Amino acid sequence: MEWGGSQAEGPVASLILLPRAPLVQTLANSRGEVQSWAMRRFSLLGLMVLALATLLGCSAQRATPSGLSLRPGESLEEVIARAPEGAIIVLSSGKYQANLRLEKSVTIRGAGPETTVIQAFSPGPPVVWVLGKAKVRLENLRIEGGRGGFASLELSSAGILVQDEAQLELQTVKIAQNMASGIFARDRARLSLRDVEILENSRYGLEIYGQVQVFAERAWVYGNKMGGVWAAGEGRLELEGSRVEKNLGPGFWIRESAKVRLWEAELRENQGPGLSLRDSGEAQVSASLVFGHGEAGALLSDEAVLYAYGTIFEANWKGLEIRGGKAFLEGCTILRNRWDGVVVRGKAEIRVERSRFLEGVGSGISASGWARVEVLNSFFEGFTVAGIFGFSNVPVRGEGNEFERNGVPLLGNVEEGVRKPKVASSREFLEFPDPAFSDLQEAVDALLPGGVLTLLPGRYPAGIVVDKPLEIQGNGEAVFVGSKNAPALALVGGAKLRLSGVHVTGGSEGLAMGADSVAELIQCAFRENELGIILWHNAHLYAFQTVISQHPQGGIWLWDESQAILEEVTLLQNELCGICAGGQSSLVLRKSTVSENRGHGGLLLRDFAEVEVWESVFSRNSGYGVSVQHPSCGCPGPGFFGKVSGGGNEFAENYKGPTCPADLIFLAR
């Protein structure tokens with residue numbers, strides 16, 4: 001971006017060519033004698049040098065702007081009124097009360113921002129108002145005390161208001177404590193800021209509209225009451241080596257079609273998001289730090305776009321929250337944010353490449369709704385839930401990603417191949433423990449598709465993900481032990497797991513199935529996880545002679561278009577419900593026992609689920625044996641619009657009754 005200046009800093013030299021004849025005449029002396037060629041050449045050269053020096057001196061003297069200062073009793077406005085175009089007005093230390101309207105090109109130079117102060121004289125207008133096509137330069141000043149507030153886009157009690165096609169340069173200027181914004185710019189104005197502080201203004205530090213263009217280097221915007229920077233219209237803003245911090249709102253509001261470019265900038269501890277992008281706003285953030293915000297480091301909605309390169313998002317509530325629009329991250333670090341590293345919702349999109357996601361209470365990336373996520377060659381470590389949590393209806397894509405010390409590496413609707421295995425697949429059979437593998441995930445990764453892992457008796461730290469076909473065998477004495485924040489066992493795209501003779505305990509979920517994963521459970525036990533088994537998306541479960549007991553959040557939950565067939569399964573002493581079927585899921589329950597479950601009872605139906613219940617026993621549940629989501633059944637919510645079929649079931653000693661509504665009692669016939 002090119003920026004217009006005021007006048008040149010030093011003398012302007014002009015070269016003027018004179019007619020040749022007068023010089024020739026000087027070569028003859030008064031008596032007509034002809035000098036020698038050497039003497040004539042010497043004289044001609046000397047005269048040319050003398051003439052050129054004289055002309056340059058005169059030109060420089062004419063081009064040097066006058067340096068004006070205040071006369072006794074004269075106001076600053078009067079000095080500006082008598083100043084010629086391009087004048088330099090020099091102010092000594094002191095406080096000057098004025099509301100300056102500058103429609104000519106001038107430079108106002110103070111003795112320093114701590115000693116030379118221009119303060120508003122009258123309420124309403126800005127302290128300095130630059131308009132028309134003026135080219136103004138302000139140096140070594142403090143501008144403060146604009147009074148009256150923000151009236152409209154046409155008038156603001158800003159420290160500086162720039163409009164029309166005016167150009168403004170600020171060098172070593174402090175703009176503070178104005179009742180509107182520090183700088184308000186609109187129309188086609190152009191601004192260049194270097195070593196500028198904008199602080200403690202009642203609106204924003206910098207506010208731009210229209211087609212304004214701003215370049216700022218080593219600017220410091222802090223403590224402003226509505227936020228650091230507001231950019232709207234088709235404005236363009238570039239900040240290099242600058243800081244925007246501790247403003248009482250977002251660091252940046254970027255709206256409409258405005259575009260912001262940050263290079264080696266720091267956004268710190270603003271009370272809103274570091275960057276808030278709406279409409280079609282766009283930001284490019286390179287080699288910068290976004291740190292310590294009580295909300296997201298960057299918040300996107302609508303059709304906004306964010307490009308981030310080599311930038312650190314650290315210690316924010318969330319690193320990035322993308323509710324709409326698109327984000328592109330390359331070579332970034334998402335570090336120690338309070339919850340998730342990146343949250344992607346709705347129909348938003350994100351592409352991540354060669355980035356690092358480190359430490360958070362939630363997940364490195366969490367996707368929901370219809371969000372589209374692609375992650376390439378990135379690293380995830382230290383998230384209590386998952387490296388990538390794919391709750392979106394669109395599967396997470398990518399390849400070459402590595403995961404260490406997360407609750408689970410992947411969870412939910414994640415395509416096969418997103419994760420780079422910890423070790424190369426090479427074995428068809430493997431017995432674990434094996435000294436060749438440091439943990440259970442390495443052992444799982446070492447199996448070829450369709451391989452078999454045999455577990456010796458013992459307790460094994462879990463938090464593993466399966467993303468291929470394989471079989472895990474226990475003998476009833478092998479126990480997976482999860483952590484309270486993550487599933488003990490997660491299945492994602494490409495998983496087809498046959499699990500037999502294994503006990504699972506201690507996880508947020510014993511088994512979490514997403515994408516199109518398939519699981520077959522034979523003679524397993526799930527006990528004392530927060531939730532026993534949960535299915536999302538198009539997952540398929542078959543369970544036989546398996547016990548699911550003592551889970552505070554319920555035994556089995558089915559969502560989306562998941563499907564489960566349960567035969568000779570026992571659901572015992574789970575809170576909330578034994579089984580909950582919602583979404584458009586389907587459930588077949590045969591020859592099973594659903595007993596002593598609390599909350600809503602044995603089987604709760606909602607949404608558009610389709611359920612078949614055959615030859616099962618519902619006994620001593622604290623709610624109903626079978627019920628639907630409806631206020632009359634003690635369960636308010638969207639309701640149940642699906643189908644129920646079956647027969648040959650037994651209902652005994654359920655606290656609220658066998659079924660709700662009562663006509664579901666046909667299940668007993």
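Just how far, in whole angstrom, is segment 408-443 from segment 271-298 if you go by their alpha carbon centroids?
So the separation of the two Cα centres works out to 37 Å.
Rounded to two decimals, what ratio of Rg to Rh does segment 131-222 give with C-alpha atoms and a Kirkwood Rh?
So for segment 131-222, dividing Rg by the Kirkwood Rh gives 0.93.
Report, as a whole number in µm² per second, the diffusion coefficient that Stokes-Einstein gives for segment 438-503 at 37 °C and 0.692 mPa s using the Kirkwood radius over alpha carbon pairs.
Translational diffusion coefficient: 275 µm²/s.
List the aspartates and glutamates whose Cα lies under 13 Å from the Cα of Lys174, skipping any in the same chain that are fewer than 8 positions away.
Once the sequence-local aspartates and glutamates are set aside, what remains near Lys174 is Glu114, Glu139, Glu144, Asp195, Glu197, Glu200.
In square nanometres, what is the average projected area of the Cα convex hull of segment 380-420?
2.4 nm²
Report, in cubic angstrom per residue, the convex hull volume of the C-alpha atoms of segment 459-562.
Residue-normalised Cα hull volume stands at 76 Å³.
Is the C-alpha gyration tensor of segment 94-182 telling us rounded, prolate or oblate? Criteria: a/c under 1.5 is rounded; beyond that, a/b larger than b/c is prolate, otherwise oblate.
Verdict is oblate for segment 94-182.
Can you list residues from other chains, or at least 5 along the same chain, whose modelled amide H is less than 5 Å from the amide H of Leu335?
Long-range HN contacts for Leu335: Phe313, Glu314, Ala315, Leu358.
Whole number please: convex hull volume per residue, Cα atoms of the chain, in Å³.
So the per-residue hull volume is 211 Å³.
Please report, in debye to the nearest 20, how large the charge dipole of segment 296-439 is about its Cα centre when each Lys and Arg carries +1 at its beta carbon and each Asp and Glu carries -1 there.
Magnitude of the dipole: close to 380 debye.
How large are Rg and Dmax for segment 494-617 when calculated on the C-alpha trace, in angstrom?
Cα-based Rg and Dmax for segment 494-617 come out at 12.6, 36 Å.
FRET efficiency for Ser93 and Tyr307, Cβ-Cβ distance as r, R0 = 35 Å, nearest 0.05?
Result of the calculation: an efficiency of 0.20.
Using helices alone, what [θ] at 222 nm do you get for the chain, with -39,500 (n - 2.57) per DSSP H run of 4 or more residues, divided over all residues and rounded to the nearest 500?
After summing the helix terms and dividing by residue count, I get -2000 deg cm²/dmol.
Gly227's amide H: which non-local residues (gap 5+, or another chain) put their own amide H closer than 5 Å, with H modeled 1.01 Å from N in plane and none for Pro or chain starts?
Result for Gly227 returns Gly205, Leu248, Gly249.
Can you bin segment 287-388 into rounded, prolate or oblate? Criterion: square roots of the alpha carbon gyration tensor eigenvalues sorted a ≥ b ≥ c, rounded for a/c under 1.5, prolate for a/b above b/c, oblate for the rest.
Because its axes are fairly even, with a/c under 1.5, segment 287-388 counts as rounded.
Once you order the gyration tensor axes a ≥ b ≥ c over the Cα atoms, which shape class does segment 240-347 get: rounded for a/c under 1.5, otherwise prolate or oblate by comparing a/b with b/c?
rounded
Have a look at segment 565-669 and give its Rg and Dmax from the Cα atoms, expressed in angstrom.
11.8, 31
Multiply the residue gap between Glu404 and Ala424 by 0.36 nm, knock off their C-alpha separation, and tell me the result in nm, one decimal place.
5.6 nm
With no solvent and one point on each alpha carbon, what is the Debye value of log10 I(q)/I(0) for segment 500-555 at q = 0.14, 0.23, 0.30 Å⁻¹?
-0.32, -0.86, -1.20
Find the eigenvalues of the gyration tensor of the Cα atoms of segment 152-286, then list the square roots of 5 times those eigenvalues as equivalent ellipsoid semi-axes, largest first, in whole angstrom.
Working from the Cα gyration tensor, I get semi-axes of 18, 17, 15 Å.
Each value in this text was obtained by applying a stated rule to the coordinates, not by laboratory testing. The structure presented is a predicted model; accordingly, all values stated were derived computationally and were not measured. So basically every Cβ, Gly included, is an ideal-geometry build from the backbone, and we count neighbours across all protein chains shown.
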